[in-house]
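*Asks:* Encoded as structure tokens, here's the structure I'll be asking about.
The values are calculated or read from the model by the stated rules, or taken from the named source; none is laboratory data. Note that the structure is predicted; figures quoted are calculated from it, not measured. Here the Cβ positions follow ideal geometry from the backbone for every residue, glycine too, while neighbour counts run over all protein chains shown. Keep in mind that these areas ignore ligands, DNA and RNA; they rest on the heavy atoms of the full protein, side chains included. Shrake-Rupley method; radii C 1.70, N 1.55, O 1.52, S 1.80 Å.
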Amino acid sequence: MSETAKFILNGETYEFPVTEGSENEKGIDISKLRGQSGYVTLDPGYKNTGATESGITFLDGEKGILSYRGYSIEELAEKSTFLEVAYLLIEGELPNKEQLESFNENIRKHTLVAEDMRKFYQAFPHHAHPMGVLGSLVNSLSSFYPESQDPNRGEDAVDLTIYRLIAKIPTLAAWSHKNAQRHPVVYPKNELNYSENFLQMMFSVPSEDYKIDPVVAKALDLLFILHADHEQNCSASTVRIVGSSQANLYTSISAGISALWGPLHGGANQAVIEMLEDIKNDGGDVTKYLDKAKDKNDPFRLMGFGHRVYKNFDPRARIIKKACDDVLDALGIDDPVLDIAKKLEAAALEDPYFVDRKLYPNVDFYSGIIYRAIGIPTEMFTVMFAIGRLPGWIAQWKEMIETKQPIGRPRQIYTGANARNYVELNKR
Ligand code: ACO
């Protein structure tokens, strides 16, 4: 007999089916709860609420496991490339040689953005945060491709939007950096691979082409792979919920970019470096900052530490920590901020406050140090995360559309004023 959950309320028993995932994750399906009992569940931050069944990414926060479509993050990080991982996430299977070539070719074909879009950059102030610029421009892509308005227009139309998004996001991102510098933009070079092309658009100047270092391009590709998806996080849930209204894919992705921007999510990579810099400039005393993080009267949190789901270790952080050492060694960079990061990590991992709360370094603790070593300015760190996360957002959106999910619309428990009569202005 299949498992069920019983719920007793005011003497009445309600029975709900238990659903089981392919990795034995279990959930109580309460979709009929309100219809049967008139009650809803209350779960701020959705800490216990599964919003969907999904076949894209599996993670076990207790065991520190992360896999995309069944392939472990460790194996993909070692053997795959970002575009292959993008294909895997979006299509569900690893591509064969022809499929991968055709996918690469389709991305390569669309790397240019409409020349009119270039003018948008001139309207942004030079100090505009590149995440704000990127979100606006990705949203505005929908106005250049009106056929994308209908997310149910058919597979070819959806595929074309997907190619355009993956192809154009590095161009838009690099141009937002050029805009911040008030430098001329650099056009894509389609003979280069994805990461190389991004680097040359970021760092080439009219008088000199950027010399691509394979160590740097590979490190960037690795970071993109590690960020490519992370199941129902804040930004992926945002993409799904916006898309569930049948808004177009560009707009849904733009919403994901906005959600990612916050320091509790993707913005943490920028916040980590700023925190490490502050500690360095303040004399490098990590204990002082650990004490601040533990003090409940101090809003300071150890950025890059803790995770909603990982309560053991973040497998991506392990891979990044090693990559960070490799990249800095290969480039011959001695970054004092890396020493502070290592000291801080070692001290936190021995401190009962962090141990008891199972707070470990997350993916963003070391990623910023790599970005810095390869010359990416701090304000661009979250943009780098957005480029990496794009295939995951697309895969989440596609799954939501293909499985015909209903519009996302949570309930609430109202705690405001009871019904009362309007009082005329002169009587208040
Ligand atoms: N520094 C100090 N204390 C922390 C930290 C931290 N970084 N993270 C959590 N805590 C403490 C909380 O104060 C709380 O303590 P309490 O039980 O005494 O009240 C306890 O640990 C649990 O924390 P919550 O905020 O309830 O955990 P939640 O799952 O809601 O938050 C989050 C997870 C947002 C990631 C949190 O750990 C945090 O703010 N970390 C710093 C920001 C960060 O690095 N974000 C990136 C996340 S990864 C990503 O999005 C790519």
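*Asks:* Condition (residue is closer than 23 Å to Met275 by Cα and open to solvent by 100 Å² or more (accessible area, probe 1.4 Å)) applied to segment 394-408: is it met by at least one residue?
*Replies:* No.
*Asks:* Within segment 294-317, which residues are touching a residue at least 60 places away in the same chain (Cβ under 8 Å) and of a type outside the set (Ser, Thr, Tyr)?
*Replies:* Initially, segment 294-317 is screened for residues touching a residue at least 60 places away in the same chain (Cβ under 8 Å), giving 303-305, 307-316.
Met303, Gly304, Phe305, His307, Arg308, Val309, Lys311, Asn312, Phe313, Asp314, Pro315, Arg316 - these are the residues of segment 294-317 that are touching a residue at least 60 places away in the same chain (Cβ under 8 Å) and of a type outside the set (Ser, Thr, Tyr).
*Asks:* Quick check: is even one residue across segment 352-360 in a helix (DSSP H, G or I) and crowded, with 24+ Cβ neighbours inside 10 Å? Walk me through how you get there before you give the answer.
*Replies:* So in segment 352-360, the residues in a helix (DSSP H, G or I) come out as 352-356.
Checking which are crowded, with 24+ Cβ neighbours inside 10 Å leaves us with none.
No, that holds for no residue.
*Asks:* Here's something else I'd like to know. Among what's in segment 361-377 and is in a helix (DSSP H, G or I) and within 17 Å of Ile279 (Cβ to Cβ), pick the residue that is farthest from the ligand (Cβ to nearest atom).
*Replies:* From segment 361-377, those in a helix (DSSP H, G or I) are 364-373; that's our starting set.
Filter again for within 17 Å of Ile279 (Cβ to Cβ), leaving 364-366, 368-369, 372.
Working: Asp364: 5, Phe365: 7, Tyr366: 12, Gly368: 11, Ile369: 14, Arg372: 17 Å.
Step by step, filter segment 361-377, then rank; the result is Arg372.
*Asks:* Ok, one more. State whether the residues of segment 108-122 include one that is within 24 Å of Ser54 (Cβ to Cβ) and modelled with pLDDT of 95 or more.
*Replies:* No, the conditions are met nowhere in segment 108-122.
*Asks:* Could you tell me how many of the residues in segment 386-428 are within 14 Å of Gly55 (Cα to Cα) and among the aliphatic types (A, V, I, L, M)?
*Replies:* Matching residues across segment 386-428 total 4.
*Asks:* Here's a follow-up. Touching a Leu at 6+ places or on another chain (Cβ under 6 Å), within 22 Å of Ile56 (Cβ to Cβ) and either outside the structural domain of Glu53 (by TED's automatic domain parsing) or not acidic (Asp, Glu) (or both): is that true of Pro406 in this structure? Let's see the steps before the verdict.
*Replies:* On the way: touching a Leu at 6+ places or on another chain (Cβ under 6 Å): no; within 22 Å of Ile56 (Cβ to Cβ): yes; either outside the structural domain of Glu53 (by TED's automatic domain parsing) or not acidic (Asp, Glu) (or both): yes.
Considered against the rule, which asks whether it is touching a Leu at 6+ places or on another chain (Cβ under 6 Å), within 22 Å of Ile56 (Cβ to Cβ) and either outside the structural domain of Glu53 (by TED's automatic domain parsing) or not acidic (Asp, Glu) (or both), Pro406 comes out as no.
*Asks:* Could you list, in sequence order, all residues of segment 274-312 that are assigned to a loop (DSSP other than H, G, I, E, B), within 11 Å of the ligand (Cβ to nearest atom) and open to solvent by less than 60 Å² (accessible area, probe 1.4 Å)?
*Replies:* Asp298, Phe300, Leu302, Met303, Gly304, Gly306, His307, Val309, Tyr310
*Asks:* I'd like the residue in segment 234-246 that is in contact (Cβ under 8 Å) with a residue 40 or more places away in the chain and surrounded by fewer than 24 Cβ atoms within 10 Å (Cβ to Cβ) and, out of all such residues, is farthest from the ligand (Cβ to nearest atom).
*Replies:* Per the stated criteria, the residue is Gln246.
*Asks:* Out of (1) over 25 Å from Asp229 (Cα atoms); (2) in a loop (DSSP other than H, G, I, E, B); (3) in contact (Cβ under 8 Å) with a residue 60 or more places away in the chain; (4) not small (Gly, Ala, Ser), the odd one out for Arg34 is which?
*Replies:* It fails just one condition, (2).
*Asks:* Suppose the filter is in contact with a Pro (Cβ under 9 Å, 6 or more places away or on another chain), assigned to a helix (DSSP H, G or I) and either open to solvent by 40 Å² or more (accessible area, probe 1.4 Å) or of a type in the set (A, V, I, L, M) (or both); does Ala217 pass it?
*Replies:* So Ala217 fails the test.
*Asks:* On to the next question. Of the conditions (1) at pLDDT 95 or above; (2) within 21 Å of Leu223 (Cβ to Cβ); (3) not aliphatic (A, V, I, L, M), Tyr353 fails just one. Which one is it?
*Replies:* In the conditions (1) at pLDDT 95 or above; (2) within 21 Å of Leu223 (Cβ to Cβ); (3) not aliphatic (A, V, I, L, M), Tyr353 misses (2) alone.
*Asks:* While we're here: Let me spell it out: the conditions are (1) open to solvent by 80 Å² or more (accessible area, probe 1.4 Å); (2) at pLDDT 95 or above; (3) over 20 Å from Thr161 (Cα atoms), and Glu105 meets all of them except one. Which number is the exception?
*Replies:* (3)
*Asks:* Please enumerate the residues belonging to segment 177-205 that are more than 19 Å from the chain's Cα centre (by Cα) and part of a helix (DSSP H, G or I).
*Replies:* Matches in segment 177-205: His177, Lys178, Asn179, Ala180, Gln181, Glu196, Asn197, Leu199, Gln200, Met201, Met202, Phe203.
*Asks:* Might you check whether a residue that is free of Cβ contacts under 8 Å to residues at least 60 places away in the same chain, of a type outside the set (Val, Ile, Thr), surrounded by fewer than 24 Cβ atoms within 10 Å (Cβ to Cβ) and in a loop (DSSP other than H, G, I, E, B) occurs anywhere in segment 335-350?
*Replies:* The answer is yes, given that some residue of segment 335-350 is free of Cβ contacts under 8 Å to residues at least 60 places away in the same chain, of a type outside the set (Val, Ile, Thr), surrounded by fewer than 24 Cβ atoms within 10 Å (Cβ to Cβ) and in a loop (DSSP other than H, G, I, E, B).
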